[in-house]
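Okay, so here's the structure we're looking at.
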Amino acid sequence: MSTRNQNDTHQFGEIITRRKFITLASAAAAGMAVIPLGGSAMAAKTEIVIGATLSQSGRFQGIIRPFGKLLQVWADGINAKGGIYLHKINKTLPIRLVIYDDQSSPPTALKFYERLAAVDKVDFFMGPFTSFITNAALQAAVKHKRPMFMVEANDSAMFEKPNRWRATGLSPAKTEYTRVVQLLAKKGGVKTFALLSRDSLHENQAMEGFGEMVKKAGMEVVYQKIAPKDTRDFSSIILAMKQSKPDVVFIEWIPPPGNIGFLKQARGLGLNPKDVVVGHAPVPVIKALGRSMENVLSALYFFEGDSPHHREFFAMCKKAGFEPWQYSEAGIRYVTFKRIEEALVTAGSLEPEEVRRAMWQSNFSLYNGDIRIKTDKKGYGTLHPWPSQIKNGKPVSLWPLSKGVEIFEHKNGQW
Amino acid sequence: MNKAFLFPLVVVGLLLAFPLIEMDARDYILLILFTLFLNIVLAQSYDIVGGQMGYVNLGHIVFFAIGAYAFGIFLNAQLGFVLSLIGGAGASVVFAALISYPFFRLRGAYFSLAAFGLVKLMEYVTINMGALTGGSNGLKIEAGDRVVPIFYLSLAVVVAVVICSWLIGRSQLGLAMKTIREDEEVARDFGVPVLKIKVQALLISSFFPGLMGGLYTWQLQFIDTDQVFGLKIALTPIAMAMLGGSGLLIGPIIGAVFLVGVEELIWTQLAQVHWTVTLLGYEVDIGQFAHLRGAILGLIIVLVGLFMPGGFARLPPVERMLTRAGLMTEDK
Amino acid sequence: MEFTTLVQVIINGVLLGGVYALAAFGLSLIFGVSGVLNLAHGEFLMVGGMAVFLLFDALQNVWYVNPFILVAVVAPLFFLVGLVFEKALIQPLTQRKEHVRLASAVLVTLGAALVIEDVADFASRGSQYEKSVDFFIPSLVIGEIYLETNKLVMFGLVLILIVALFIFLRFTYVGLAVQAVTQNRRGALLVGVNTTRINAIAFGIGTALAAVAGGFEVINSMVAPNIGLPLTLKYLCIVVMGGLGSFLGVALGGVIIGLGESFLGFFYPAWSQTVAYLLLVTVLLIRPKGLFGK
């Protein structure tokens, strides 16, 4: 208890407290010095400042990690041409990126988006990865009235309420596998489907959507379950699937740990469907299964082609140090880059309101007109992935559909 | 008035005045301070059971998580903010009451582990009760800008938990808790109503994280189980309490201030630095090392566990300083 | 439920439980001897798995090695790692008062877990985050029942290790000393057992077992830097449920949880991961010292 030191306190209390107060005050001042308190006054714009967080650590880093470089490659490319011409202020301004690591955590993202808006004074935001983190980040966008080009958040929870400060390039999560289902329906020869997803907001919706589309196409869902996120042993799920005798097995699991265990155990337990669809099959999955991945269906956020956009996208990935299929979500980033460029050109200024309006009006085609990027009334876009099939340890694009059906081969239970 | 109150009063006064300052970075700093307050509340309330009574409750975060979810559920049921917040804290106290009797049959490591297991158990229960909690779809509440009110409310919770912890330390309850920590058998033989004391301590320690959980949901507006049951959230406040000095009033505060301070003043800044140096022919980006912050944090925790089991506050020089400032309210 | 299905579910559960028990043995041994809850146990498992992966990956193009052999190579190394870890971090704690020891062991091992995870994470930059070895032997098929060969081999190894451990504990001086220390530390000290050395050996064995389990994980599924803590928690459930320090309890605990996950996985996969934690809490509430605890 304090009584013990009462005398000491009485004797030195005042002096010590004052001294401690000074120490504290100077420490606080030092702290403040480290945090830049205000950006320079923005009298005349000399650059376009874009803010974002990327999960450089935490559980999403495996998917997101190289995109910091990709963003820089894009900005460098634009700056090499002098920047983007804004007709209303009649100036060509270069891009400057401000990027923080949100550690895959919403509160951290909230903190950094607040900083991006208030301290770094960004002109607009690029959204983070996943709906939970994006929702936290969106608070700052609404509060500071800066538009957010959402990159990877397309779950319905984000779009229930209208919000004019955000829009995404992606179509709703439920439509994610539209083209994969189309391909399977067109190829024919499969009727029954078994579906499994990792228990999380995005994966569940993507799987549900897959099921609905399967039924709409006149095929049947014979098994549909959700597995807890920490599942490492799938043998019982596989056994139950096997008994439902599916022609196609579909697993939706990001990041990849679950896919690897599931596929390995499916192979070991004799689950030999006619086709296997793995929503996300990045390098670790392909490497872990080796030859067994042959003819597994998957989806990529781009497709092979030779349009100027294709060439630009492939060159950017190469500069960032990876092949597009290794981190196929790069395709989503690319569309975001194009949306930002188009919005800025249309807006012709950096006024948040005008950039925002341009973001909502985005309407342009990519890849020689193969897709049209548009924002719908709720804020969804039109981008969803294209089917691919692993051949010789690498995904081969199965698009356009007519060509895809020709290349596509059933796996026929050959692990 | 006791001089020992002067310092805390000055700090609280400064904090109260801070949001009035007009500056760009205000809300950013308020959010950082909210993280700090959150951790102080969790660490301090953990320490009521963990430090003063010696029961290492590795499942303390469950109270926070229940508060967070209950608040959101009540708020969405149109109960109003105040009622929901109290209801959230109430829910965690009720939960504490439910588990207290069975869990306090366990001792030492068994208690710690059962409580640790409870974190995962409750996480899965929460996920699988989708109708109530939204399951993996998360729980969403009305959006809004709440940085300033949350700052004041969480500061109030901090003050409340510290005062409560201080009062316990001075009370008969606190004394009984200490005897349980030192030797439960002897305490029982001398007529201390051991079970009653333990239950009381757990109920008090569950109230504050429950409140803070509500504020957390109010701030984040869209939560899922990863955010409120995560193992790192579960363990960091406990590490903070031990780091600062478990069983001392000032200990958890020192621990929380230190760890949050290191995160904000060193790592966040370092991550923004892009100095490239050539080392042995390799180009090394200094800023990259900010990503080793978890490792350095771990190293600090290891060193404290090894060389100063009493935490920072019990290091002789620090202790002398704290004593002179009148902040050492406990025996060593 | 058809009979063959039932058999298959049971086989899956037992095989799974065997691998659980293996890692949990190490944890139990460590707790029994030194009274320390090792929250870094899962990290050793993860690093063990990563070591197998890195060796396999490096050798792949030169010389194709069966990853099980690599597991055998890695295990002794981790015995040494365990020795050093114990000497440096655990030894200083053993003399402390019980509640202080519990708290400081939590600090030290949790801190170590964070260090190991973060360094593994940092080292994974620039390469793949999830690591898994491509190795497959076709399964044994008896009628409609599939026996995964990888898992059978693992289970066999687990049995051999358990028998060896049993023989070691029963018939060697060190083993008897380990048991003596587990039962009564002070008593063992009094009759001249070098408890310091015994602690270190127990820790070494425990760590080696974790690394072996990690090798199995990387063959059967995958490892990534962030799997350590959740796995530690599950193994702790097994150990505590069986009764701290009881080897029979651990084996039984592992199989019970394996079976539980297997059955629930078949009917209600959403609840399958809850089994371990639910059983832990239930068992402790009925028997406060676990199934076989004294």
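Listed residues B:GLY210, B:GLY191, B:GLY214, B:GLY174; which is more than 30 Å from B:THR126 (Cβ to Cβ) and in a helix (DSSP H, G or I)?
Working: B:GLY210 fails: more than 30 Å from B:THR126 (Cβ to Cβ); B:GLY191 fails: in a helix (DSSP H, G or I); B:GLY214 fails: more than 30 Å from B:THR126 (Cβ to Cβ).
None of the others qualify; the one that does is B:GLY174.
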Exercise for the section: Kindly list, by first and then second residue, each pair from a residue in region C:12-41 that is touching a residue at least 12 places away in the same chain (Cβ under 8 Å) and farther than 24 Å from C:LYS87 by Cβ to a residue that is aromatic (Phe, Trp, Tyr) and open to solvent by 10 Å² or more (accessible area, probe 1.4 Å), limited to pairs with Cβ atoms under 6 Å and residues at least 6 apart or on different chains. Expected result: C:LEU15/C:PHE155; C:GLY18/C:PHE155
Completion exercise
Contact list, first residue from region A:55-77 and at positive phi, second anywhere and open to solvent by less than 20 Å² (accessible area, probe 1.4 Å) and among the polar types (S, T, N, Q), beta-carbon distance below 8 Å, six or more apart or interchain, is A:GLY58/A:SER104
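So that you can scan it fast, the table gives a plain yes or no per residue for (1) within 14 Å of chain A (Cβ to nearest Cβ); (2) open to solvent by less than 30 Å² (accessible area, probe 1.4 Å); (3) hydrophobic (A, V, I, L, M, F, W, C):
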| site | (1), (2), (3) |
| --- | --- |
| B:GLU22 | yes, no, no |
| B:ILE32 | yes, yes, yes |
| B:LEU36 | yes, yes, yes |
| B:ILE48 | no, yes, yes |
| B:PHE63 | no, yes, yes |
Handout entry: Residues (open to solvent by 10 Å² or more (accessible area, probe 1.4 Å) and over 27 Å from B:LEU31 (Cα atoms)) located in region B:195-228
Key = B:LEU195, B:LYS196, B:ILE197, B:VAL199, B:GLN200, B:LEU203
Completion exercise
(1) in a helix (DSSP H, G or I); (2) of a type outside the set (Phe, Trp, Tyr); (3) open to solvent by less than 20 Å² (accessible area, probe 1.4 Å) all hold for C:ILE162 apart from (3)
Problem - Positions within region C:111-149 being open to solvent by less than 40 Å² (accessible area, probe 1.4 Å), among the charged types (D, E, K, R) and part of a loop (DSSP other than H, G, I, E, B), in sequence order - result: C:GLU130, C:GLU148
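Any residue that is basic (Lys, Arg), facing chain B (nearest Cβ under 9 Å) and either under 20 Å from B:GLN272 (Cβ atoms) or touching a Lys or Arg at 6+ places or on another chain (Cβ under 9 Å) (or both) - is there at least one of those in region A:127-145?
no
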Handout entry: Residues located in region B:156-175, provided they are buried (at least 20 other Cβ atoms within 10 Å of the Cβ) and among the aliphatic types (A, V, I, L, M)
Key = B:VAL157, B:VAL158, B:VAL161, B:VAL162, B:ILE168
Practice task
Determine whether region B:111-130 contains at least one residue that is open to solvent by 20 Å² or more (accessible area, probe 1.4 Å), at pLDDT below 95, over 30 Å from C:LEU291 (Cβ atoms) and within 14 Å of another protein chain (Cβ to nearest Cβ).
Solution key: yes
Problem - Which numbered condition A:ALA109 fails, given (1) more than 9 Å from chain B (Cβ to nearest Cβ); (2) farther than 20 Å from A:LYS229 by Cα; (3) open to solvent by 10 Å² or more (accessible area, probe 1.4 Å); (4) touching a residue at least 40 places away in the same chain (Cβ under 8 Å) - result: (3)
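Among the listed residues B:ARG324, B:ARG314, B:ARG320, B:ARG293, which satisfies the condition of being open to solvent by 40 Å² or more (accessible area, probe 1.4 Å) and touching a helix residue (DSSP H, G or I) at 6+ places or on another chain (Cβ under 6 Å)?
Details: B:ARG314 fails: touching a helix residue (DSSP H, G or I) at 6+ places or on another chain (Cβ under 6 Å); B:ARG320 fails: touching a helix residue (DSSP H, G or I) at 6+ places or on another chain (Cβ under 6 Å); B:ARG293 fails: open to solvent by 40 Å² or more (accessible area, probe 1.4 Å).
Exactly one of B:ARG324, B:ARG314, B:ARG320, B:ARG293 is open to solvent by 40 Å² or more (accessible area, probe 1.4 Å) and touching a helix residue (DSSP H, G or I) at 6+ places or on another chain (Cβ under 6 Å), namely B:ARG324.
Taking region A:111-145 as the region of interest, how many residues are more than 20 Å from the chain's Cα centre (by Cα) and assigned to a loop (DSSP other than H, G, I, E, B)?
Here is the first cut: in region A:111-145, the residues more than 20 Å from the chain's Cα centre (by Cα) are A:114-115, A:117-123, A:142-145.
Next, only the ones that are assigned to a loop (DSSP other than H, G, I, E, B) stay: A:119-123, A:145.
Residues flagged as more than 20 Å from the chain's Cα centre (by Cα) and assigned to a loop (DSSP other than H, G, I, E, B) within region A:111-145 amount to 6.
Just to be sure, is C:LEU39 within 14 Å of chain B (Cβ to nearest Cβ), under 27 Å from C:ILE256 (Cα atoms) and outside any helix (DSSP H, G or I)? Steps first, please.
Numbers: within 14 Å of chain B (Cβ to nearest Cβ): yes; under 27 Å from C:ILE256 (Cα atoms): yes; outside any helix (DSSP H, G or I): yes.
The answer is yes for C:LEU39.
Out of A:PHE337, A:PHE322, which single residue is outside any helix (DSSP H, G or I) and among the hydrophobic types (A, V, I, L, M, F, W, C)?
Values: A:PHE337 fails: outside any helix (DSSP H, G or I).
From the options A:PHE337, A:PHE322, the qualifying one is A:PHE322.
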Fill in the blank from the handout: If we keep only residues of region C:258-294 that are over 13 Å from A:ALA227 (Cβ atoms) and outside any helix (DSSP H, G or I), then the residue most open to solvent (accessible area, probe 1.4 Å) is C:LYS294
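Conditions tested, residue by residue: (1) under 19 Å from the mean Cα position of the chain (by Cα); (2) within 10 Å of chain B (Cβ to nearest Cβ); (3) modelled with pLDDT under 85.
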{"residue": "C:HIS99", "(1), (2), (3)": "no, yes, yes"}
{"residue": "C:ALA103", "(1), (2), (3)": "no, yes, yes"}
{"residue": "C:ALA112", "(1), (2), (3)": "yes, yes, no"}
{"residue": "C:GLU130", "(1), (2), (3)": "no, no, no"}
{"residue": "C:ASP134", "(1), (2), (3)": "no, no, no"}
{"residue": "C:PRO138", "(1), (2), (3)": "no, no, no"}
{"residue": "C:VAL141", "(1), (2), (3)": "no, no, no"}
{"residue": "C:ILE145", "(1), (2), (3)": "no, no, no"}
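Can you tell me which residues in region B:80-99 are within 12 Å of chain C (Cβ to nearest Cβ) and buried (at least 18 other Cβ atoms within 10 Å of the Cβ)?
Start the filter on region B:80-99 by keeping residues that are within 12 Å of chain C (Cβ to nearest Cβ), which leaves B:98-99.
The answer is B:ILE99, and nothing else.
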Completion exercise
Subset of region C:1-26, residues closer than 30 Å to C:GLY204 by Cα and open to solvent by 40 Å² or more (accessible area, probe 1.4 Å), comes to C:VAL14
Handout entry: Any pair with Cβ under 9 angstrom, 6 or more apart, that starts in region B:50-61 at a residue that is more than 9 Å from every other protein chain (Cβ to nearest Cβ) and more than 8 Å from B:ALA115 (Cβ to Cβ) and ends at one that is among the acidic types (Asp, Glu) and open to solvent by 10 Å² or more (accessible area, probe 1.4 Å)
Key = B:GLN52/B:GLU330
Handout entry: Residue within region A:264-284 that is at the interface with chain C (Cβ under 7 Å from one of its Cβ atoms), crowded, with 21+ Cβ neighbours inside 10 Å and within 21 Å of A:LEU398 (Cβ to Cβ) present
Key = no
Problem - Residue check for B:VAL158: at pLDDT 95 or above and either out of contact with any strand residue (DSSP E or B) (no Cβ under 9 Å at 6 or more places or on another chain) or facing another protein chain (nearest Cβ under 9 Å) (or both) - result: yes
Practice task
Tell me, yes or no, whether region B:70-79 has at least one residue that is within 14 Å of chain C (Cβ to nearest Cβ), among the hydrophobic types (A, V, I, L, M, F, W, C) and farther than 21 Å from B:GLY247 by Cβ.
Solution key: no
Practice task
Output the strands (runs of 3 or more DSSP E) that fall wholly within region A:201-313 and possess 3 or more residues being in contact (Cβ under 8 Å) with a residue 40 or more places away in the chain, or say none.
Solution key: A:248-252, A:275-278, A:297-300
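Just need a number here: residues in region C:151-189 that are more than 30 Å from C:GLN8 (Cα to Cα) and of a type in the set (Phe, Trp, Tyr). Give the derivation first.
Within region C:151-189, the subset more than 30 Å from C:GLN8 (Cα to Cα) is C:167-189.
Then keep just the ones that are of a type in the set (Phe, Trp, Tyr); that gives C:168, C:171, C:173.
Of the residues in that region, 3 qualify.
The values are calculated or read from the model by the stated rules, or taken from the named source; none is laboratory data. This one's a predicted model, so the numbers in the text were calculated from it and none came from an experiment. Counting neighbours? That spans all protein chains shown, and the Cβs are built from the backbone with ideal geometry, glycine included. Surface areas here come from the heavy atoms of the whole protein model, side chains and all, with no ligands, DNA or RNA. Shrake-Rupley method; radii C 1.70, N 1.55, O 1.52, S 1.80 Å.
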